[in-house]
Amino acid sequence: MAGELSFEKPLEELRAKIDELKRFGTEKGIDFTEEIARLEDRYVKLAEEIYTNLSVPDKLLIARHAQRPTTMDYIHAIIDDFIELHGDRLYGDDLAIVGGIGKLDGVPVTVVGHQKGKDTKDNIARNFGMPHPEGFRKGLRLMKQAEKFRRPILTFIDTPGAFPGGAAEERGQAEAIARNLIEMANFRVPIICVIIGEGGSGGALALGVGNRILMLENAVYSVSSPEAAASILYKDAKQSLKAAEAMKITADHIVELGVADGIIAEPRGGAHRDLQQQAAYIKDALLIHLGELLKLSEQELLDDRYNKYRAIGQYTFIQQLGEVH
Amino acid sequence: MLKDIFQKKRRYATIPSEKTKREIPDGLMTKCAKCGTIQYSKELEKQFKVCPACGYHARLNALERLEMMLDNGRLFEYDSDMVSVDPLQFPGYAEKLEKHSEKTGFRDAVITGEGTINGYPVVVVAMSFDFFGGSMGSVVGEKVTRAIETAIQKHYPLIIFSTSGGARMEESILSLMQMAKTSAALARFNEQRGLYISVITDPTFGGVPASFAMLGDYILAEPGAAFGFTGRRVIEQTIRQKLPDNFQTAEFNLQHGQLDKVVHRKDMRQVLAAILELHSRGGVTQRGG
C-alpha cells in the first residue's frame with residue numbers, strides 16, 4: 001500500500017531491516033534487543049524527518065494516492081442517515097459527482113462532492129472524478145434544494161478537473177461551471193467547501209464557492225492540473241513537477257494567498273493511513289465553522305461570501321509600483 | 001575538427017519564397033489570416049476588419065473593438081493605471097508581462113470604461129487576445145469586477161466583449177478565483193435586474209466562458225468565433241477523440257444551444273442598440289440615461 005509513495009522507501013527499507021534482524025534473532029536464539037531498540041529509535045526519527053519535510057511532489061503523490069479516502073468515504077463516516085440523490089433532471093446522472101442529504105451532528109445538511117473511483121472499474125464509471133456538465137448541474141440542483149429547505153451546504157472537492165471531451169463541450173461545460181459560480185454566490189445558506197484531495201481548475205471551483213474553504217494538509221488546489229500547466233508553460237507535460245512547485249498549489253500557500261481559510265490536519269503519512277481519524281478531524285472542523293456561520297443572518301452570509309472573493313487578487317497602480325494592494 | 005567541416009556544409013540552398021517576393025510595405029496592405037486574400041488596409045478598416053472574400057472576422061484588440069462599437073469611438077476609461085504584480089514570484093512572469101506590454105502598448109488584457117451606443121449609456125469591457133493570450137489574472141478579474149460594480153452603482157447596462165486563451169497560469173489559484181469574484185459581482189448585478197449582454201469573439205476558452213462570458217442575459221458571438229471550456233487541440237490530445245471540423249465555432253455552439261445569436265461585426269452595433277432600446281422602458285437603462 002505504502003509502496004506507491006517513493007519518499008517512504010527509506011522507511012520501508014529500515015522496517016525490513018528491523019524485521020529481518022528480529023527473525024534472525026529468533027531463529028538463531030541470539031538477543032538483538034539493544035540493536036532492535038536502536039533501529040526502532042532511528043525509525044521514529046527518520047519518520048519524523050520525512051513526514052515533516054514533505055516536498056510539493058510528495059504531497060501531490062499523497063493527494064492522488066489510490067487509497068486516498070473519497071467523498072463517499074467521508075460521507076459515510078461523518079454524515080448520519082445519509083440518503084444519496086441522483087440526476088440533474090435534464091440529461092443524466094453523472095457519477096463523477098455525488099450528493100444527498102443527511103445530518104451532521106443532528107443538523108440536516110446537503111452534501112455534494114466529486115467522487116473518484118476506488119478501483120479501475122469504479123474509476124471508469126466515475127470518469128476519474130472528472131465531471132461532465134450534467135454532474136455540475138446535478139450538484140446545482142441539490143444545492144438549490146438545500147437553499148429551499150434552508151439546509152447548510154457542505155461540498156467535498158476532489159477532481160483533476162472538468163472532463164475535456166467533445167460531448168461535454170456540446171452540452172455546455174463552460175456554462176455549467178459558470179452557472180454554479182453565480183448561483184453559489186447567492187445561496188442564502190452557509191456553504192463550507194473542503195478540498196480533500198485534488199482541487200483542479202474550474203471543475204473544482206464549480207463546487208467551491210463558499211463562506212469557508214478548508215483544505216486537508218496534503219491537498220492541492222490549482223488553476224489547472226500540473227500536467228496541463230506544464231504543457232502550456234513549458235510545452236512539455238513531463239515537467240509537471242516543476243509547474244507544481246511554481247504554481248504554489250499546497251495548502252499552506254493557498255491559505256497564505258487568502259483563498260483557503262484553514263488547514264485540516266492529516267494523520268501522519270496521509271489521510272489513507274487512518275480514515276476514521278481523518279473523518280473525525282474533518283467533522284470537528286466542519287462543526288466549528290458551521291457553528292460560526294449559523295449565527296449569521298442570510299444577508300450577513302451573502303456579504304461574508306461576497307467579501308471573501310472580492311478581496312482575492314493582487315495588483316497595483318502604475319504610480320505606486322512596488323506597493324501591492 | 002572533422003565534425004565542424006560537416007556542419008558547415010549547407011544541405012539546401014535558400015530560394016526566396018512566393019511570400020517574400022510579394023512583400024508588402026508594412027501597414028499598407030493586409031493579408032487575410034484565413035483565405036490569404038490581400039486587401040488595402042484602409043479598405044479593410046471600413047469593412048470592420050472582416051475579409052470581403054471569405055467573411056473572416058480578424059481579431060481586434062480591446063481599443064479597436066471599443067472604437068468600433070461606441071458612439072464616435074469615445075470611451076471614458078476606468079482603472080487605466082492598474083497593472084499586474086507577480087504574486088507567486090513565478091519564474092519568468094515579470095519579464096513576460098513587460099514583453100507583452102511593449103508589444104501591445106496595453107497594461108493588461110482588458111480595457112473597461114463607459115460610453116454610449118446609439119445614445120444609450122453603457123459600461124463596457126473589452127479584452128485583447130494579443131496581450132498574454134487574453135488570459136485572466138488578478139488585473140482582468142479586478143477590472144471586470146469593478147466595471148460590474150460601477151454598472152450596479154450607476155444603473156447602466158453592461159456589455160462585455162470577451163476573448164481569452166484561458167487562465168493566467170503564472171497567477172495560479174488567484175487566477176482561478178477571479179472566476180468566482182466576477183461571477184459573484186454578476187450575481188449582485190442580477191439581483192438589481194441589471195442588463196448584461198455578453199459578446200463572445202474569437203477565441204474564448206477556459207475561465208472566461210466558465211464565468212462571466214456565459215452568464216449574459218443575452219449571449220451573442222461573431223461568426224466563426226471559437227469558444228468553449230477546453231480547446232479542440234487539448235481534447236484531441238488527451239482523449240484522442242475525432243471532432244467535427246466546425247467544432248466549437250459560434251455556428252456549432254448556436255446549434256447546440258449555447259448562445260442566442262451569431263451577429264456579423266457590421267451589424268453588431270445595431271443589434272446591441274436594439275437590445276438596449278428594448279430594455280429602456282422600465283429597465284435599468286432608463287434610470288441611467
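The values are calculated or read from the model by the stated rules, or taken from the named source; none is laboratory data. These figures come from a predicted structure and were not determined experimentally. Heads up, the Cβs are rebuilt from the backbone with ideal geometry, glycines too, and the neighbour counts pull from every protein chain shown. Surface areas here come from the heavy atoms of the whole protein model, side chains and all, with no ligands, DNA or RNA. Shrake-Rupley method; radii C 1.70, N 1.55, O 1.52, S 1.80 Å.
Here are some notes:
- Residue satisfying all of: in the range A:244-257; open to solvent by 40 Å² or more (accessible area, probe 1.4 Å) and part of a helix (DSSP H, G or I); modelled with the lowest pLDDT among these: A:245
Matching residues to (1) out of contact with any helix residue (DSSP H, G or I) (no Cβ under 6 Å at 6 or more places or on another chain); (2) touching a residue at least 60 places away in the same chain (Cβ under 8 Å); (3) of a type in the set (Phe, Trp, Tyr); (4) farther than 21 Å from residue A:219 by Cβ:
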site	(1), (2), (3), (4)
A:63	yes, yes, no, no
A:67	no, yes, no, no
A:74	no, yes, yes, no
A:95	no, no, no, yes
A:100	yes, no, no, yes
A:112	no, yes, no, no
A:116	no, yes, no, no
A:119	yes, no, no, yes
A:136	no, yes, yes, no
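- Residue among A:27, A:40, A:48 that alone is surrounded by 12 or more Cβ atoms within 10 Å (Cβ to Cβ), charged (D, E, K, R) and either assigned to a helix (DSSP H, G or I) or without any contact (Cβ under 8 Å) to a residue 12 or more places away in the chain (or both): A:40
- Matching option when the condition is in contact with a Phe, Trp or Tyr (Cβ under 9 Å, 6 or more places away or on another chain), open to solvent by less than 10 Å² (accessible area, probe 1.4 Å) and either part of a helix (DSSP H, G or I) or more than 7 Å from every other protein chain (Cβ to nearest Cβ) (or both), among B:174, B:186: B:186
- The single residue among A:265, A:271, A:260, A:229 that is touching a residue at least 12 places away in the same chain (Cβ under 8 Å), of a type in the set (Gly, Ala, Ser) and surrounded by fewer than 16 Cβ atoms within 10 Å (Cβ to Cβ) turns out to be A:265.
- Only listed residue being within 14 Å of another protein chain (Cβ to nearest Cβ), modelled with pLDDT under 95 and either part of a loop (DSSP other than H, G, I, E, B) or out of contact with any His (no Cβ under 8 Å at 6 or more places or on another chain) (or both), chosen from A:260, A:229: A:229
- In the range A:173-212, of all residues being at negative phi and polar (S, T, N, Q), the one that is surrounded by the fewest Cβ atoms within 10 Å (Cβ to Cβ) corresponds to A:186.
- The combined condition, being over 26 Å from residue B:218 (Cβ atoms), open to solvent by less than 30 Å² (accessible area, probe 1.4 Å), within 9 Å of another protein chain (Cβ to nearest Cβ) and of a type in the set (A, V, I, L, M, F, W, C), is not fulfilled by residue B:106.
- All positions within the range A:62-84 that are open to solvent by less than 60 Å² (accessible area, probe 1.4 Å), closer than 23 Å to residue A:130 by Cα and of a type outside the set (Lys, Arg): A:62, A:63, A:65, A:66, A:69, A:70, A:71, A:72, A:73, A:74, A:75
- For residue A:144, the conditions (1) open to solvent by less than 40 Å² (accessible area, probe 1.4 Å); (2) more than 10 Å from every other protein chain (Cβ to nearest Cβ); (3) closer than 23 Å to residue A:189 by Cα; (4) without any contact (Cβ under 8 Å) to a residue 60 or more places away in the chain are fulfilled apart from (1).
- Tallying residues that are part of a helix (DSSP H, G or I) and free of Cβ contacts under 8 Å to residues at least 60 places away in the same chain within the range A:281-298 yields 5.
- Of all residues in the range A:147-191, exactly one satisfies the criterion of being more than 10 Å from every other protein chain (Cβ to nearest Cβ), closer than 30 Å to residue B:226 by Cβ and among the aliphatic types (A, V, I, L, M), namely A:157.
- Listing of helices (runs of 4 or more DSSP H) fully contained in the range B:193-286 that carry 1 or more residues being within 14 Å of another protein chain (Cβ to nearest Cβ), open to solvent by 10 Å² or more (accessible area, probe 1.4 Å) and not aromatic (Phe, Trp, Tyr): B:232-239, B:250-255
- Scanning the range A:107-136 for residues that are in a loop (DSSP other than H, G, I, E, B) and not acidic (Asp, Glu), we see that the one that is surrounded by the fewest Cβ atoms within 10 Å (Cβ to Cβ) is A:118.
- Look at (1) at the interface with chain A (Cβ under 7 Å from one of its Cβ atoms); (2) closer than 19 Å to residue A:225 by Cβ and you find that residue B:166 fails only one, number (1).
- The set of residues in the range B:116-134 that are more than 23 Å from residue A:306 (Cα to Cα) and open to solvent by less than 10 Å² (accessible area, probe 1.4 Å) comprises B:117, B:122, B:126, B:127, B:128, B:131, B:134.
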